[in-house]
Amino acid sequence: MKDMTDQVKEIATKLLESGQVDVFMAWEKGDAPHQSKPFFARNVADVEKIIFDEYCIHNLSTYLTRFRDGKEKIAIVVKGCDSRGVVRMLEDHQMKRDRLHIIGINCPGMKDPLEAMKQHSGFERETGEKGLAIKCLQCMQPNPVIYDESLGEIQEPHFKGERFTEVKALEAMSSEERYQFFSEVLSTCIRCYACRQVCVACNCRTCIFDEAKPQWVGRETSVGDNFMYHIVRAFHMAGRCIECGECERVCPVNIPLMLINRKLIKDVDHYFGPYDAGMAYVEGGKPPLSLYKIDDPDDFI
Amino acid sequence: MHKNSSENPLVPQIVEVVKIIDETPDVKTFYVRDESGVPFNVMPGQLAMVSMLPIGEGMFSVSWQEEQDHLEFAIKSVGLMTSEIHRIEVGQKLGVRGPYGNGFPVEKCKGKDMLFIGGGIGLAPLRSFIKYCFKHREDYGKIQIIYGSRSYADLCFKEELFELWPREKDSETFVTIDKPEEGWEGNVGFVPAYLEQLNPDPANKIAVICGPPIMIKFVLQSLEKMGYQDEQIITTLEMRMKCGIGKCGRCNIGSEYICLDGPVFDLAQLRQLPPEW
Amino acid sequence: MKILKKNQLDTLWERLARNAELYLPTQKGDQSGFFSYKTLKPEKDTLMLDALNVYLSPKNIVLPQTEMMYSFTHQGQEINLEEVYEDPTPRIIFGLRSCDVKSIDRLDTVFFTRGFVDEYYRSRRENTLLILNACYHPGPNCFCEAMGLSPRESESADIILHDAGEEGYIWVANTEKGRELTGNIEDILEEKEISYPQPRPFTREVDYTGVAEKLKDMFSHPIWHPLSDPCINCGICTYVCPNCYCFDIQVKTRGEEGYRYRCWDSCMYGEYTMMAGGHNPRETGMERFRNRFLHKLEFFTERYGEPLCTGCGRCIAVCPTGINIIEIMEKAKGVEPSA
Ligand code: SF4
Ligand code: SF4
Ligand code: SF4
Ligand code: SF4
Ligand code: SF4
Ligand code: FES
């Protein structure tokens with residue numbers, strides 16, 4: 001992907017030099033060879049650090065909230081999943097389309113630098129080379145859905161099978177079994193809220209979990225408070241999650257967040273759809289749960 | 001496992017509210033004591049954690065300790081816990097733990113003329129030092145108090161401001177409100193401007209400031225203009241607090257914990273800290 | 001010298017667990033941390049004694065992520081304190097690394113010194129015994145030596161084990177408590193002279209010298225902006241750090257009963273310094289990021305004489321955006337102090 005790096009750098013130089021943008025959001029090489037990290041170039045001198053390689057997994061669109069109150073023009077490099085995040089930001093009125101210059105990269109799939117760091121940390125038992133990241137193996141939209149210029153060949157999604165297999169298995173459980181299942185997997189959540197911090201759909205200025213008056217959800221790491229957190233989070237993701245997989249990737253204790261997200265995606269699509277969040281930007285467009293339609297189903301209430 | 005251990009600094013002692021005074025529309029003073037009187041002794045400027053046990057805890061400056069009888073807290077309603085505490089009535093049990101923090105340097109100030117500059121609820125911590133000076137009148141020189149609030153209604157401790165303190169020997173009390181008001185014959189204007197107008201001489205003087213951050217900022221500038229040295233200026237800092245004993249981490253500014261090493265600092269010390277105050 | 005044969009481990013653990021809660025470094029499902037011996041399922045869980053370390057540090061054992069403080073009842077205007085939950089259960093942590101033992105020293109400094117003793121911490125800590133597993137193969141992110149400790153020695157470890165492979169562990173009782181425990185299990189140990197293993201060198205050169213002093217003048221340095229750009233303030237680094245000790249105090253009530261508990265908190269969170277009136281002295285992510293590194297590398301050193309990092313490398317391995325404390329030190333050393 002040497003060549004992709006050069007193309008991105010070329011665009012960055014052009015945009016920063018001409019003053020068309022104030023910030024160019026991309027990646028730089030991290031400390032380890034198997035690590036890339038988000039990087040915001042602010043002038044031409046910064047451009048040399050920019051790279052694009054197989055470890056550029058982070059969804060940069062989340063970082064747009066940093067600039068939401070400003071006036072800067074921003075260039076952002078996006079993969080397929082990230083571009084859906086940009087749509088999320090635009091639909092949520094966190095960013096104006098005319099402040100953005102979007103460079104879309106048709107994405108061949110990424111490796112997870114976090115996995116790689118862990119593999120090499122000495123803390124892991126199996127240390128074989130990891131292939132593509134799970135989120136990329138499950139990706140349905142490798143090609144950006146919104147861009148001002150695009151790079152690379154159009155890619156076929158890696159994901160071929162049946163999208164909701166695991167969700168269906170979950171639905172097939174009895175309610176006791178399901179309760180058992182969630183008690184077990186959610187009991188280990190350490191409530192660090194990394195899944196929220198990394199999420200492009202979590203763009204509220206004051207998150208309900210940080211509210212102190214009243215405090216809606218306790219901070220105890222107990223099954224009760226953990227359930228509360230995950231239920232509220234799930235409600236807030238319905239129809240809004242763009243399936244970038246970042247939450248599950250960063251969770252330090254591997255909570256199956258994408259399983260929960262996919263259940264929501266399936267239900268929103270079924271009851272209010274057809275709908276897939278962030279697949280196209282229409283000015284004034286809104287996710288279905290932000291709209292009320294007279295024929296919305298209500299038999300599950 | 002034991003009951004109400006007073007050796008555990010994070011466990012409160014239970015006290016009863018014996019009197020409540022409405023100071024302003026959003027400030028009330030609470031007198032608290034247990035069967036034997038004060039739950040612990042405090043020095044002027046020290047803090048205590050007050051809990052409405054089922055609701056929350058908040059760190060407040062003790063605005064006065066009346067002998068061994070009771071502690072007084074002037075509390076402004078700003079958040080969940082403070083608005084709840086404004087609803088309680090005499091007889092309510094509360095938790096308190098403390099005392100925390102360094103308090104005002106009452107010893108170092110002996111023999112000095114004192115200038116107290118306060119704004120709004122900032123008079124609450126100052127009051128403990130002002131009353132202490134009056135109580136130990138012979139230890140301190142001239143006492144001047146400059147205090148301001150938004151309006152007449154927002155002035156705290158009115159009886160002391162207008163009746164008691166002006167009667168004290170060798171002392172002056174100056175009160176100002178932000179905007180003119182019917183019936184108000186005193187000064188109108190912000191505290192820093194009033195201070196510059198009064199222009200108290202820095203010689204042998206210690207200035208103690210307490211109030212909203214913006215007031216402190218301008219008062220510091222005025223004092224500097226008037227020739228006060230950093231060592232002559234004392235103020236208190238505010239940070240969010242949870243433990244009060246320098247363990248929970250959150251009240252740090254640089255390497256200092258405000259709950260333990262503060263809340264009182266002189267300006268020379270403050271200038272050593274990172275500019276986060 | 002005393003030797004613990006590896007085939008005696010089970011017997012030893014079984015014996016230790018009779019009188020104390022015993023914790024072992026274990027991979028339990030998706031989590032790796034120090035888990036209670038009693039809860040281990042041999043068919044599912046994997047012991048991590050020969051791995052470099054586990055992700056969740058043993059901090060949880062002396063400073064639990066959620067810890068009950070006291071309970072109370074309330075009715076009308078009345079309030080009664082019910083129980084204070086200090087927990088003096090005897091505990092043994094088996095197989096910690098030097099960085100984690102040292103981090104417990106740092107927690108001791110915080111919770112025992114400077115005017116107040118934290119009684120919750122004291123009741124746990126004074127009844128916890130530490131068995132160090134000396135490190136002969138530092139990992140790629142290890143830099144404990146640079147932070148002022150030795151990977152194979154420790155003053156506060158009660159017992160030090162040296163893994164001599166097939167021969168077993170060399171068992172060194174290092175404190176009074178350690179000697180006492182050794183006396184109780186002596187029958188399991190063997191007397192034999194074997195040679196200590198050969199340590200491998202550190203792969204990464206790190207130099208903390210001068211960093212605290214340098215950072216003192218860098219509070220307002222522009223470098224904090226690019227350094228903090230990638231950070232999403234997720235706080236994972238502070239939760240996995242064996243040294244980070246910040247906590248929050250919260251209350252839970254149900255009807256007329258309630259209890260106060262404390263739980264870990266992090267200076268990376270916006271809510272951490274948010275005051276009742278809504279003012280936040282550390283409004284931006286950059287300010288919070290800066291506080292974390294300054295606290296570890298400068299403020300703590302100024303206050304207590306040692307940095308609040310023992311070089312375990314956990315935060316480096318788990319940061320989802322590739323922030324690296326070694327790199328921060330190097331960059332801080334590399335720039336002009338005030339710009
Ligand atoms: S919930 Fe997870 S997958 Fe969905 S948008 Fe947020 S981070 Fe991405
Ligand atoms: S699900 Fe994972 S990332 Fe989210 S709060 Fe829990 S432990 Fe943290
Ligand atoms: S783990 Fe990394 S991204 Fe998360 S708060 Fe720490 S430094 Fe920031
Ligand atoms: S700061 Fe990082 S390397 Fe240092 S002790 Fe904490 S987790 Fe380990
Ligand atoms: S780095 Fe932050 S979370 Fe860790 S101990 Fe310091 S202030 Fe607390
Ligand atoms: S309030 Fe806990 S350290 Fe100051």
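The values are calculated or read from the model by the stated rules, or taken from the named source; none is laboratory data. Here the structure is a predicted model, which is why all the values come from computation and not from measurement. Cβ atoms come from the backbone with ideal geometry, glycine included; neighbour counts cover every protein chain shown.
Please identify the pairs in which a residue from segment C:107-121 that is at positive phi and modelled with pLDDT under 95 has its Cβ atom under 8 Å from the Cβ atom of a residue that is surrounded by 18 or more Cβ atoms within 10 Å (Cβ to Cβ) and outside any helix (DSSP H, G or I), counting only partners at least 6 apart or on another chain.
Filtered contacts from segment C:107-121: C:Arg114/B:Gly246; C:Arg114/B:Leu260; C:Gly115/B:Ile245; C:Gly115/B:Gly246; C:Gly115/B:Leu260.
Of the conditions (1) acidic (Asp, Glu); (2) exposed (fewer than 13 other Cβ atoms within 10 Å of the Cβ); (3) not assigned by TED's automatic domain parsing to the domain that holds A:Glu10, A:Glu129 fails just one. Which one is it?
Exception for A:Glu129: condition (3).
Could you list, in sequence order, the residues of segment C:240-283 that are hydrophobic (A, V, I, L, M, F, W, C) and either away from ligand 4 (no atom under 16 Å from the Cβ) or in contact with a strand residue (DSSP E or B) (Cβ under 9 Å, 6 or more places away or on another chain) (or both)?
Those that are hydrophobic (A, V, I, L, M, F, W, C) and either away from ligand 4 (no atom under 16 Å from the Cβ) or in contact with a strand residue (DSSP E or B) (Cβ under 9 Å, 6 or more places away or on another chain) (or both): C:Cys244, C:Cys246, C:Phe247, C:Ile249, C:Val251, C:Cys263, C:Trp264, C:Cys267, C:Met274, C:Met275, C:Ala276.
Could you list all residues from segment C:221-264 that are within 9 Å of chain B (Cβ to nearest Cβ) and within 25 Å of the chain's Cα centre (by Cα)?
If the condition is that a residue be within 9 Å of chain B (Cβ to nearest Cβ) and within 25 Å of the chain's Cα centre (by Cα), then C:Cys244, C:Tyr245, C:Cys246, C:Phe247, C:Asp248, C:Ile249, C:Gln250, C:Arg260, C:Arg262 are the ones that fit.
Pick out the one residue from B:Ile130, B:Ile143 that is modelled with pLDDT of 95 or more and more than 13 Å from the chain's Cα centre (by Cα).
After applying the criteria, what remains is B:Ile143.
Identify, from the list B:Phe104, B:Phe60, B:Phe73, the residue that is more than 14 Å from chain C (Cβ to nearest Cβ), assigned to a strand (DSSP E or B) and not aliphatic (A, V, I, L, M).
B:Phe73
What strands (runs of 3 or more DSSP E) completely inside segment A:23-81 contain at least 2 residues that are under 17 Å from the mean Cα position of the chain (by Cα) and more than 13 Å from every other protein chain (Cβ to nearest Cβ)?
Of the strands (runs of 3 or more DSSP E) lying wholly inside segment A:23-81, those with at least 2 residues that are under 17 Å from the mean Cα position of the chain (by Cα) and more than 13 Å from every other protein chain (Cβ to nearest Cβ) span A:74-78.
Of these, B:Leu53, B:Leu123, which one is outside the structural domain of B:Phe30 (by TED's automatic domain parsing) and buried (at least 22 other Cβ atoms within 10 Å of the Cβ)?
Unique residue meeting the criteria: B:Leu123.
What are the residues in segment A:118-136 that are at pLDDT 80 or above, more than 9 Å from every other protein chain (Cβ to nearest Cβ) and more than 23 Å from A:Phe159 (Cβ to Cβ), if any?
A:Gln119
If you scan segment C:284-323, which residues turn out to be in contact with a Cys (Cβ under 8 Å, 6 or more places away or on another chain) and either in a loop (DSSP other than H, G, I, E, B) or within 16 Å of ligand 1 (Cβ to nearest atom) (or both)?
Correct list: C:Leu308, C:Cys309, C:Thr310, C:Gly311, C:Cys312, C:Gly313, C:Cys319, C:Pro320, C:Thr321, C:Ile323.
Test B:Asp69 against the stated conditions and say whether it is surrounded by fewer than 19 Cβ atoms within 10 Å (Cβ to Cβ), touching a helix residue (DSSP H, G or I) at 6+ places or on another chain (Cβ under 9 Å) and touching a residue at least 12 places away in the same chain (Cβ under 8 Å).
Taking the combined requirement at face value, the residue does not satisfy it.
Looking at segment C:269-283, is at least one residue at the interface with chain B (Cβ under 9 Å from one of its Cβ atoms), without any contact (Cβ under 8 Å) to a residue 24 or more places away in the chain and hydroxyl-bearing (Ser, Thr, Tyr)?
Yes, segment C:269-283 contains a residue that is at the interface with chain B (Cβ under 9 Å from one of its Cβ atoms), without any contact (Cβ under 8 Å) to a residue 24 or more places away in the chain and hydroxyl-bearing (Ser, Thr, Tyr).
Quick check on my filter: what residues within segment C:80-113 are more than 14 Å from chain B (Cβ to nearest Cβ) and of a type in the set (S, T, N, Q)?
C:Ser98, C:Ser103
Within segment A:156-196, which residues are touching a residue at least 60 places away in the same chain (Cβ under 8 Å) and within 24 Å of the chain's Cα centre (by Cα)?
A:Arg163, A:Phe164, A:Glu166, A:Val167, A:Leu170, A:Val185, A:Leu186, A:Thr188, A:Cys189, A:Ile190, A:Cys192, A:Cys195
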